[in-house]
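Enquirer: I have a structure I would like to understand better, so I am pasting it below and will then ask my questions one at a time.
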Amino acid sequence: MPSALHLFLILFVVGAALRLFGVFGKSHAERLGTFVFSVTLPATILVSLDRVVFSPTAWKIPLAACLITIPLMLIAWALTRRLTLDRPTQGGFLLAVGSINSIYFAYPVTLATFGEEGLAQAILFDLGQTTLTFTVLYPMALWYGASHSSSHAALRRLMTSPPLWALVAILAVKAAGLHLPDGLRTILTPVHVLTIPLASLVLGLSISVHAVRTTWKLTSLGVGLRMAGGLLLGWIATWLLGLTGLERASVLLIAGMPSAVMAVIFATEAKLDEDLVASIVALSICLGVALLPWLPRLAVLLID
């Protein structure tokens, strides 16, 4: 098991224990989540995407992320309509199902299985997923969480989002064939490395045993859609794009990853059903951890 995963699990358990024993509560998770959203996540976007090297066919991997996430969200939307859930619960379900844990699970698994070349594929996939996150998932979260405000106010929150501007900035830099200045990268890197540890704590602090018990049916449905549904759509995407070898294996591996920790932070920011989102993220992560010993061997078979 990658050492990064050990760190995540430790911090997650610590956060959950602090919440369980009443040392910290939901308000602490919200404040810490706001700090991650506004400060450390933009640094992560800038530093991570600065490393991506684009090839002539590199566009297929980010496109695969779109072919997986968008249909999956449409399926989830149809289910939430049929189940007649309230708006915060609908938005939380869509957010958790559509968020792929690229950085935390995909990066270490592909690196451990395929080396640096596999990690490059994961970063390219994350480029498409990150773009969707701040152009589809986050606006959707704001819309579902903004029933008490106007669409103009939701748009204003989106346009003043630090992660969105970080994404726009780094894509502009990459399009110009440039990289972040060494001095700026040196400043941003220590901030960037805080994102996953702090997000892990946010997830732990957001866990409510009572919430898991009361939402287990909807939580289980969300986990099944995120992982099994994502894997099925991954097969379809690789077939449509004609991906083979390492590219196909990487896309399939990432498509079935757990829900992203960042979904909890976005749910907090947008005032969605945080308990449901945290439950889906936590349960999917537990399932992902249980499957982790078999993933590298499965990924090698997918190359053939």
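Enquirer: Could you check the range 29-53 and list, in sequence order, the residues that are farther than 24 Å from LYS271 by Cβ and of a type in the set (Ser, Thr, Tyr)?
Expert: The one that is farther than 24 Å from LYS271 by Cβ and of a type in the set (Ser, Thr, Tyr): SER48.
Enquirer: Where the second residue is open to solvent by less than 30 Å² (accessible area, probe 1.4 Å) and in a helix (DSSP H, G or I) and the first is small (Gly, Ala, Ser) and lies in the range 181-206, which pairs have Cβ atoms under 6 Å and are six or more apart or on separate chains?
Expert: ALA199/VAL36; SER200/PHE8; GLY204/GLY15; GLY204/ALA16; SER206/ALA29; SER206/VAL264; SER206/GLU274; SER206/ALA278
Enquirer: Let me ask something else about it. What do you reckon, is SER161 at pLDDT below 85 and open to solvent by 20 Å² or more (accessible area, probe 1.4 Å)?
Expert: Judged against the criteria, SER161 is not a match.
Enquirer: Follow-up. Hey, does the range 27-46 have a residue that's closer than 13 Å to LEU127 by Cα and of a type in the set (A, V, I, L, M, F, W, C)?
Expert: yes
Enquirer: Condition first: at pLDDT 80 or above and under 15 Å from ILE265 (Cα atoms). Now tell me which residues in the range 13-28 satisfy that.
Expert: Listed by number, the residues that qualify are GLY15, HIS28.
Table: residues versus (1) of a type outside the set (A, V, I, L, M, F, W, C); (2) open to solvent by 50 Å² or more (accessible area, probe 1.4 Å); (3) over 15 Å from the mean Cα position of the chain (by Cα).
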site: PHE37; (1), (2), (3): no, no, no
site: ILE70; (1), (2), (3): no, yes, no
site: LEU79; (1), (2), (3): no, yes, yes
site: PRO108; (1), (2), (3): yes, no, no
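Enquirer: Follow-up. Is it true that some residue in the range 179-188 is touching a helix residue (DSSP H, G or I) at 6+ places or on another chain (Cβ under 6 Å), part of a helix (DSSP H, G or I), at pLDDT below 95 and under 23 Å from VAL97 (Cβ atoms)?
Expert: Looking for residues that are touching a helix residue (DSSP H, G or I) at 6+ places or on another chain (Cβ under 6 Å), part of a helix (DSSP H, G or I), at pLDDT below 95 and under 23 Å from VAL97 (Cβ atoms), one finds none in the range 179-188, hence no.
Enquirer: Of everything in the range 12-32, what is among the hydrophobic types (A, V, I, L, M, F, W, C) and in a helix (DSSP H, G or I)? Give them in sequence order.
Expert: PHE12, VAL13, VAL14, ALA16, ALA17, LEU18, LEU20, ALA29, LEU32
Enquirer: Could you list, in sequence order, all residues of the range 253-276 that are part of a loop (DSSP other than H, G, I, E, B) and not hydrophobic (A, V, I, L, M, F, W, C)?
Expert: Correct list: GLY256, PRO258, LYS271, ASP273.
Enquirer: Being within 14 Å of the chain's Cα centre (by Cα) and either surrounded by 20 or more Cβ atoms within 10 Å (Cβ to Cβ) or over 16 Å from ILE280 (Cα atoms) (or both) is the requirement here; does ILE61 meet it?
Expert: When the stated conditions are applied, ILE61 does not pass them.
Enquirer: Moving on. Could you pull out the residue among VAL191, VAL168, VAL173 that is more than 23 Å from the chain's Cα centre (by Cα), at pLDDT 85 or above and either of a type outside the set (A, V, I, L, M, F, W, C) or assigned to a helix (DSSP H, G or I) (or both)?
Expert: After ruling out the rest, the residue left standing is VAL173.
Enquirer: Follow-up. Go through the range 251-260 and count every residue that is open to solvent by 10 Å² or more (accessible area, probe 1.4 Å) and farther than 20 Å from GLY118 by Cα.
Expert: Matching residues across the range 251-260 total 0.
Enquirer: Out of curiosity, is THR219 buried (at least 24 other Cβ atoms within 10 Å of the Cβ), out of contact with any Phe, Trp or Tyr (no Cβ under 9 Å at 6 or more places or on another chain) and of a type in the set (Ser, Thr, Tyr)?
Expert: It is true that THR219 is buried (at least 24 other Cβ atoms within 10 Å of the Cβ), out of contact with any Phe, Trp or Tyr (no Cβ under 9 Å at 6 or more places or on another chain) and of a type in the set (Ser, Thr, Tyr).
The values are calculated or read from the model by the stated rules, or taken from the named source; none is laboratory data. In this text, all values refer to a predicted model and were calculated from it rather than measured experimentally. Methodologically, a virtual Cβ is constructed for each residue, glycine included, from the backbone with ideal geometry; neighbour enumeration extends over all protein chains shown. Ligands, DNA and RNA are stripped out before the accessible areas are found, and what is left, the full protein with its side chains, is counted by its heavy atoms. Shrake-Rupley method; radii C 1.70, N 1.55, O 1.52, S 1.80 Å.
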